[in-house]
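The values are calculated or read from the model by the stated rules, or taken from the named source; none is laboratory data. The shown structure was predicted, so the numbers you read here are calculated from the model rather than taken from an experiment. Methodologically, a virtual Cβ is constructed for each residue, glycine included, from the backbone with ideal geometry; neighbour enumeration extends over all protein chains shown.
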Number of protein chains: 2
Amino acid sequence: MKIQSQINVTSYNAGGFIGKYQQLIKETVIPYQYSVLCDEAPDTEKSHVVQNFINAGKAVKGEDVGDGFYGMVFQDSDAAKWIEAAAYSLNVCPDPKLEETVDNLIEIIAEAQDSDGYLNTYFTIKDKEKRWTNLLEGHELYCSGHMMEAACAYYEATGKDVLLKVMLKNAEHIYNYFIKDGNEGFPGHPEIELALMKMYRCTGSEICLKLAEHFVNTRGCDTTFYRRERDARNWTVWGNNADDNDYQQSGKPVRQQTDATGHAVRAVYLYTGMADLASTTDDAELYEACKRLWDSVTKRRMYITGGIGSTVHGEAFSVDYDLPSDTAYAETCASIGLMFFASRMLENEVKGEYADIMERAFYNTVLAGMQLDGKRFFYVNPLEIIPGISGVSPTHRHDLTQRPGWYACACCPPNAARLITSFGKYAYGESSDTAYCHLFADGDVSFENGVKLKCKTAYPYDFTVNYEIEKGGRLALRIPAWSRKTAVYVNGESIAFEALNGYAYLNLNDGDNVRLELDGKPHFVYASSKIPALTGMTALCRGPLVYCFEGVDNEGDVMSLALKTDSTPEVCGYDDGLLSGTVKINVEAIKSEYTDSLYTDTKPAEKQFTASAVPYYTWGNRGENQMRVWMTAK
Amino acid sequence: MKIQSQINVTSYNAGGFIGKYQQLIKETVIPYQYSVLCDEAPDTEKSHVVQNFINAGKAVKGEDVGDGFYGMVFQDSDAAKWIEAAAYSLNVCPDPKLEETVDNLIEIIAEAQDSDGYLNTYFTIKDKEKRWTNLLEGHELYCSGHMMEAACAYYEATGKDVLLKVMLKNAEHIYNYFIKDGNEGFPGHPEIELALMKMYRCTGSEICLKLAEHFVNTRGCDTTFYRRERDARNWTVWGNNADDNDYQQSGKPVRQQTDATGHAVRAVYLYTGMADLASTTDDAELYEACKRLWDSVTKRRMYITGGIGSTVHGEAFSVDYDLPSDTAYAETCASIGLMFFASRMLENEVKGEYADIMERAFYNTVLAGMQLDGKRFFYVNPLEIIPGISGVSPTHRHDLTQRPGWYACACCPPNAARLITSFGKYAYGESSDTAYCHLFADGDVSFENGVKLKCKTAYPYDFTVNYEIEKGGRLALRIPAWSRKTAVYVNGESIAFEALNGYAYLNLNDGDNVRLELDGKPHFVYASSKIPALTGMTALCRGPLVYCFEGVDNEGDVMSLALKTDSTPEVCGYDDGLLSGTVKINVEAIKSEYTDSLYTDTKPAEKQFTASAVPYYTWGNRGENQMRVWMTAK
């Protein structure tokens, strides 16, 4: 049974939680990011992205553009991610002016493509002769991949194929270089694999499928490739270690890999491509490798917030159970990539576990990456902030207390934008006979298999999800593992169901009404004692939301609080004015009254205290203050 | 009132705890370290220290020794620290064969001194022209300082002044260069300041005192010095950042410094010299600066074990309260330096606080630095070890689970050796009318002021300390802050006393017998909630000993244990066969039984468990296993 998740879904609805976010992206993030790309945003690092494409266009015509490139070697991808986000936004909410802006940008990009199909402004402007000589650092395949994703998204949203044709020609160029001409190598930063799978799905191009297979299957077979590549050239971008195969997941053929290693974003992008290929080609061996890597990531190397890549050293996975709260890296992009991976795992096998993790990553780390006003972004998502230490101590410099603006390396902001605008692609999936509801989001959805429904819900702040079935069929509703008590009603009648791999399957008729009642009771969570940093601690969760305790709600000090885990947390009412609308939870706690001594043999006096928690994704929106997800448990 | 702590004390006694350690140093560590210096130790990194001196001796005679230097730029100091340790050992236990070995080495060293008094094998062999052009990294003053300390110690132990004369000539050379000839600069690695104070005390040389004052007072006055020095030369040792004045404590004149910053060993060596100078010259302003820095170190930046310099980045002090157990650096040498600092603070003012910290550093971090058999050493002293993470994770690479052998950078082993053999210098002090007992150690002591006593005790495993007064006078007995119940008996009669600044003062006659009974009850310690890493945790201490929990005593798993802090820990009997003789403590605990889930909302089942603790200094002597000082408190 083929399950397709990357379907065209209309789920935009200004009333729902997701809809509100999509509106924010449309109204604030997309216009702002475009102004950055054009170097028109005030108080922002120069981007030069659009100018790079303009200059590359001149360069391919033989004009001398001199020192016409500015930015990171992967600067092109900012444009690609922005187009992709704009495309998804157009998909859920037409906007002729935005479409025109995208069309213009695409024209500029098309001009920058060389006659042989090559497209990359860094190498086109700087030195054509260096093409493909530094797969380790050059990001050419990475940039192509992102532009392929943009091309597919824009074609799906508008039916316009200018960029799609550009990228098909680019794919052919890459195919010729790596397969026809037999040049060795695989991407230093995996990405193109998953993009090629999108191209294949979108266009049916066998070249794209073969290229994806080629990159997946050759990866890690020759562990000396990067070293030999390095030795054969006399330049470098950052001086990356060509022998650190773990960093770029090339230490073993991917089918033999068992542990998630190295740069976390690279890792999950690669696994996404692998899982996509496995489901598309029914490659059971490849899916087995994906399952092992999934388990490595989610059962031993993931924060409760769905953050992955715990160490700043290489923005990478560390060893099993090394998940410190305060020095966490947990890049926003890595959790976005984890959602990609989860969605492709769902194409191989419908298991609630995959959707649970996808949801965990989204509602916690991904959303935390963006300020509530959409104007500033975190790359790094710690689970504990202590002003004076966080961002200051040599080991905590990356753990900022406040979201900064646009970075020189601007990967996360547009990545978050494209993820949020395409939320429907993760929320829903389908096979020929079943419509899958993986995530809960207010909005209208039409499936290609004929099922059509309207979802009404105030999730994740209300735990009732209503589905009005316009066109019936078989519906698979995810029953989240965190929901200890779940009820399903069809046309007002409670129905008995047995969740199969985390999903309830219902056969529905036109006009039916389904009501899913999930468990909205907050619960305390305990970490495995194998995580040294979390022994004796507890976290508070409600539905998919991990909560955190900020100083501003707790007399400035959350460090001396211990939560009474045998008490019942009190869920406050939805407060429209708090943190763009949220629900606070109060918990009975013990506050220890410490003296000034660094160490004392006098047990600190204790008093009762009501501790207040807010969802983790809202943290850091009220100035610099303490923040903790994991609290001492009493 | 002048208080002198660097007095000649005979405290060697094979029966006591310290005596046993001194015997180990004499029988195992000193011979082994000498074989290393001579490149005769098997399975050890090449040292080349003696050969460097031989080659430098040839070089000063004009012979071509080519590439005759091997090792670190500060390699000479290994020989100096070894001579110093040997001298202290000779002081407490004569050994003609060892003395002959030292004499021979001193002869070789003397030959390596240039006719102008300069002494440093690195620059003498490599390039004489580079002398004094890299104070930032060159360690010339550091090596001279260590050799001055060795010279004083050997003169005090044997009355032989060959090395002392060499170093007086060397001091004169340095004085001429920096003061007479007016060349700018101060040591990149402070050390010589404290050494010059020893030279002044030992020889009365005013040149030494003036030089110490010069280096202390010019330090940090010109914050551009290292940058200008760097710009003026075309070579570097490691490429140290010349602008990082915090690293080498040169960001401000020392009298204005308030926070302990930078490389922890450099910091405490500097503060030691400052405190020494302050007491010798009655410099109240300088002592005030020392007090501020003392408070910064001990009230905000010190581990319970007396470890300091919490971060691996620069082996340095971090910010206030950043004291993680698992990624601690806490170099052995830094705690040795903290003892130096404490001992010089006691010369300014007799306060129990100084001696308490000196003792804390010694019985925990300093002793933990050495394997119980004296054969292997820790540089880094974490307070938590988790096999699989410690020593492996990118952020924990420096936190080894087992003591390694001799390093290329061999600072800590000889430093520990010289500290332990000179324990009496820290244990006792004197003024013209009072004999001070700062630390408790079995042995005989003669004070210059006439007081003479025999101390009998099995401290730190027994809390009765007996003093037989051979020659009476005024005795000041430290009453440790950790001793909640203390009794003093004179000739069997309990006497009332009021501790003044942590000391009980007694006027004693010849033949009197004093018995001090300290509190041997174990106690739980709580850290300030300002230390984020330690909230909700407790540590177990008894007397000066911090205890730790190792897997080997606790069914392999200390992570899932929570100590019941309202229970009474059970002190086991002294076990001669355990860890070279120690006392275990059992504590009632709760063991949580975790499932395999990384995170679960099911509270783990709990069962009663008796947890066993051993002194921290003994950890890691029974193979690789979990270790924790701070445990979850129940």
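Side notes on the structure shown:
- Per the listing B:110, B:80, the residue uniquely crowded, with 24+ Cβ neighbours inside 10 Å, out of contact with any strand residue (DSSP E or B) (no Cβ under 6 Å at 6 or more places or on another chain) and of a type in the set (A, V, I, L, M, F, W, C) is B:80.
- Considering (1) crowded, with 24+ Cβ neighbours inside 10 Å; (2) touching a helix residue (DSSP H, G or I) at 6+ places or on another chain (Cβ under 9 Å), the lone condition that residue B:233 does not fulfil carries the number (1).
- Selection status of residue B:282, free of Cβ contacts under 8 Å to residues at least 12 places away in the same chain, among the acidic types (Asp, Glu) and more than 14 Å from every other protein chain (Cβ to nearest Cβ): yes
- The one condition from (1) away from chain B (no Cβ under 14 Å); (2) among the polar types (S, T, N, Q); (3) in a helix (DSSP H, G or I) that residue A:296 does not meet is (1).
- Of all residues in segment A:53-68 being modelled with pLDDT of 95 or more and hydrophobic (A, V, I, L, M, F, W, C), the one that is surrounded by the most Cβ atoms within 10 Å (Cβ to Cβ): A:56
- Every residue from segment B:383-392 that is within 11 Å of chain A (Cβ to nearest Cβ) and either in a loop (DSSP other than H, G, I, E, B) or of a type in the set (Val, Ile, Thr) (or both): B:385, B:386, B:388, B:389, B:391, B:392
- Total residues in segment B:175-202 satisfying the condition of being crowded, with 17+ Cβ neighbours inside 10 Å and without any contact (Cβ under 8 Å) to a residue 40 or more places away in the chain: the figure is 2.
- Considered as a group, the residues in segment B:236-269 that are among the hydrophobic types (A, V, I, L, M, F, W, C) and crowded, with 24+ Cβ neighbours inside 10 Å include one that is nearest to residue B:75 (Cα to Cα), and that residue is B:265.
- Residue A:127 at pLDDT below 95 and surrounded by fewer than 18 Cβ atoms within 10 Å (Cβ to Cβ): yes
- Odd one out for residue B:634, checked against (1) at pLDDT 95 or above; (2) over 21 Å from residue A:323 (Cβ atoms); (3) of a type in the set (D, E, K, R): (1)
- Test result for residue A:350, of a type outside the set (Lys, Arg) and not in a helix (DSSP H, G or I): yes
- Some residue of segment A:316-324 being in a helix (DSSP H, G or I), without any contact (Cβ under 8 Å) to a residue 24 or more places away in the chain and closer than 19 Å to residue B:388 by Cα: no
- Looking only at residues of segment A:618-633 that are of a type in the set (S, T, N, Q) and not in a loop (DSSP other than H, G, I, E, B), we find that the one that is farthest from the other protein chains (Cβ to nearest Cβ) is A:618.
- Residues satisfying the stated conditions in segment B:463-494, i.e. of a type in the set (D, E, K, R), touching a strand residue (DSSP E or B) at 6+ places or on another chain (Cβ under 9 Å) and either over 26 Å from residue B:340 (Cα atoms) or surrounded by 19 or more Cβ atoms within 10 Å (Cβ to Cβ) (or both): B:468, B:470, B:471, B:478, B:484, B:485
- Residue selected from segment A:325-343 under the condition in contact with a strand residue (DSSP E or B) (Cβ under 7 Å, 6 or more places away or on another chain) and assigned to a loop (DSSP other than H, G, I, E, B), by the criterion nearest to the other protein chains (Cβ to nearest Cβ): A:326
- Criterion (modelled with pLDDT of 95 or more, in contact with a strand residue (DSSP E or B) (Cβ under 9 Å, 6 or more places away or on another chain), away from chain A (no Cβ under 14 Å) and farther than 27 Å from residue B:357 by Cα) met by exactly one of B:553, B:557: B:553
- 1 or more residues among the polar types (S, T, N, Q): qualifying helices (runs of 4 or more DSSP H) within segment A:139-238: A:140-158, A:162-175, A:192-203, A:206-218
- Residue within segment B:397-413 that is within 25 Å of residue B:72 (Cα to Cα) and part of a helix (DSSP H, G or I) present: yes
- Where residue B:288 falls short, out of the listed (1) closer than 23 Å to residue B:629 by Cβ; (2) assigned to a helix (DSSP H, G or I): (1)
- Of the strands (runs of 3 or more DSSP E) entirely within segment B:492-546, those holding at least 2 residues that are at the interface with another protein chain (Cβ under 9 Å from one of its Cβ atoms) occupy B:523-527, B:537-542.
- Output for segment B:408-449, where each listed residue is in contact with a Gly (Cβ under 6 Å, 6 or more places away or on another chain) and either surrounded by fewer than 24 Cβ atoms within 10 Å (Cβ to Cβ) or among the acidic types (Asp, Glu) (or both): B:442
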